[in-house]
Amino acid sequence: MKRVVVTGLGSVSPCGNTNEEILSTIKNQNQCFVKSKFDVVEFYGEVSEGYKTNFNKKQIRYMDKVSQLAFCAGEAAVLDSRLNLSELNKVRCGISIGTSMGGFQTLHTELTESALYGLEKISLLGMPKLLHNMIGANLSIAFDFKGGVFTYNNACASSATAIGEAYNKIQRNEFDVMLAGGAESCISEQVFKSFHRLGAMSTSKNIDEASIPFSKARSGFVLSEGSAVLVLEEYEHAIARDAPIYCEIKGYATTSDASSLVAPNTDGLTRCMEEALHDAEIEAHEVEYINAHGTGTQANDLVEAKAINRIFSSPFVSSTKSIHGHLLGAAGAFEALLCCLMIKNKQLFPQSNVSYADVDPEINLNLLLSKSIEYECGYILSNSFAFGGSNVSLVFSK
């Protein structure tokens, strides 16, 4: 089996649009939420309009916002990787993208226009913009990557699945390079209301208490938009071109709870993490840090904590969603990007706005709160768990 490394990172997010901005925001624990313009929620995480400064009129017209975000993140990742596109074997280069809602903004606009003014108002660009696979298709066209476009729609585990499947394809020597990640842009009153009805959205009116995973006062997640794309590369291919290497992907697993459409299951989560460790050929005690899914809902945090306790003794655990919110289908990729930055910068990132006194007494984890600590080169596990009982765990190392 081939080894797989990460050689480039790109993101467009509420935390910033460059790796340097994101690193500064997370390290300084600057919350990325804005006051909501909708009555149903108090806060959300939004990408600043500056991301499309270099877009031409055709790109703006032909792409849903979700594709625009992924396009920017993909461009940044390729630039960061220092890939020489003219020297690549393009048939051994592919795209692997995850999204939960796809071109939701376009779908929302098309349905609204047709309801108000009739079916003749349906745009000829509606379908090419709203389909989920168009996110990756735009990247494939931009970089002339001909190996295939793979699109994963796995709710909040979508982009973690995309990274894991890309890792497997390179391991099996099917590809040399893959752009892997995810994108989400579905800020709307309808989406907020739907999650609110499920009891998943934060109800806090205080921005400092809006996203507080593992706290006894947690009330749900803050929804955010954004995209993150990683350049995954076969190790020898990267070494041959003297590529910058952030870290190595060592393991991946995905499981299904097969029990509920919305409620997490301890057994399913446990099995997912165990299988990721098995894939990485490591023992539980070798994991130094876990980037928890940690949404801030009552059910998720408690069930995830119980699953972690079944396997591990005392790795550091934090949920960075306290700072950037929940990017839904893009969450796994954005948090994978943060794990790569942690390894590269030798620093483990904490979560914000939760003190040790605030922690739910039923949650017994070695939580990393408020203060970054030095990364000592152990393994990092990143969790993404989703509606439908879909679970994904990724393992990273220096």
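Note on the chain: GNM, Cα springs under 10 Å; of 158, 81, 260, the largest mean-square fluctuation is that of 260. Where the accessible area of the range 4-241 is counted over protein heavy atoms with a 1.4 Å probe, how much of it, in %, is carbon and sulfur? On the range 4-241, the fraction of accessible area on carbon and sulfur atoms equals 51 percent. I need the shape label for the range 252-397. Rule: rounded when a/c is under 1.5, else prolate if a/b > b/c, else oblate, with a, b, c from the alpha carbon gyration tensor. Rounded is the answer for the range 252-397, as its axis ratio a/c remains below 1.5. For the range 252-397, the relative contact order comes to 38 percent (Cα pairs under 8 Å, sequence separation of at least 6).
Dividing the mean sequence gap of close Cα pairs (under 8 Å, 6+ apart) by how many residues the range 4-241 holds gives a relative contact order of 31 percent. The simple spin-label model puts a point 7 Å past each Cα toward its Cβ; for residue 142 and residue 285 those points are separated by 4.6 nm. A Förster radius of 35 Å combined with the Cβ-Cβ distance from residue 119 to residue 203 puts the calculated FRET efficiency at roughly 0.35. Summing charges over neighbours of residue 330, with a neighbour being any other residue whose Cβ is under 9 Å away from its Cβ, gives -2 when K and R count +1 and D and E count -1. Relative contact order of the chain: 23 percent, from C-alpha pairs under 8 Å at least 6 residues apart in sequence. Of the trypsin sites (Lys or Arg not before Pro) in the range 107-200, the ones in a loop by DSSP (not H, G, I, E or B) with at most 10 other beta carbons within 10 Å are 172.
Only helices enter the 222 nm calculation for the chain: every DSSP H run of n ≥ 4 contributes -39,500 (n - 2.57), and dividing by all residues gives -10500 deg cm²/dmol, rounded to 500.
Within the shell defined by Cβ-Cβ distances under 14 Å, the residues around residue 207 carry a net charge of -2, with Lys and Arg each +1 and Asp and Glu each -1. In this structure, the amide hydrogen of residue 250, modeled 1.01 Å from its nitrogen in the peptide plane, lies closer than 5 angstrom to those of 395, 396, 397, counting only residues at least 5 positions away or on a different chain.
If you take all other residues with their beta carbon under 15 Å from the beta carbon of residue 68, and give Lys and Arg +1 and Asp and Glu -1, the sum is 0.
Near the amide H of residue 96, within less than 5 Å, lie the amide hydrogens of 150, 179, 180, 181, all on another chain or at least 5 residues away, with H placed in the peptide plane.
What residue among 92, 218, 241 has the largest mean-square fluctuation in a Gaussian network model of the chain, using Cα springs under 10 Å? Per the Cα network of the chain with a 10 Å cutoff, 241 tops the list.
Would you mind telling me the share, in percent, of accessible area of the range 341-398 contributed by carbon and sulfur at probe 1.4 angstrom? Result for the range 341-398: 44 percent of the exposed heavy-atom area is carbon or sulfur. Solvent exposure of the chain, expressed per residue, is 40 Å² of accessible area, with all protein chains present and a 1.4 angstrom probe. Looking at the range 237-305, the GluC sites (Glu not before Pro) that sit in a DSSP loop and have at most 13 other Cβ atoms within 10 Å of their own Cβ are 281, 283. When only the Cβ of Lys, Arg, Asp and Glu is charged (+1, +1, -1, -1), the dipole of the chain relative to its Cα centre reaches about 720 debye. Residues of the range 182-209 falling in the label zone of residue 30, defined by backbone nitrogen less than 20 Å from a point 7 Å along Cα to beta-carbon, are 207-209. Computed from the C-beta positions of residue 235 and residue 54 and an R0 of 30 Å, the FRET efficiency is 0.40 to the nearest 0.05.
The values are calculated or read from the model by the stated rules, or taken from the named source; none is laboratory data. All values derive from a computational prediction rather than experimental measurement. Please note: Cβ atoms are built from the backbone with ideal geometry, for glycine as well, and neighbour counts cover all protein chains shown. Each accessible area value is taken on the protein alone, full model and side chains, heavy atoms only, with ligands, DNA and RNA left out. Shrake-Rupley method; radii C 1.70, N 1.55, O 1.52, S 1.80 Å.
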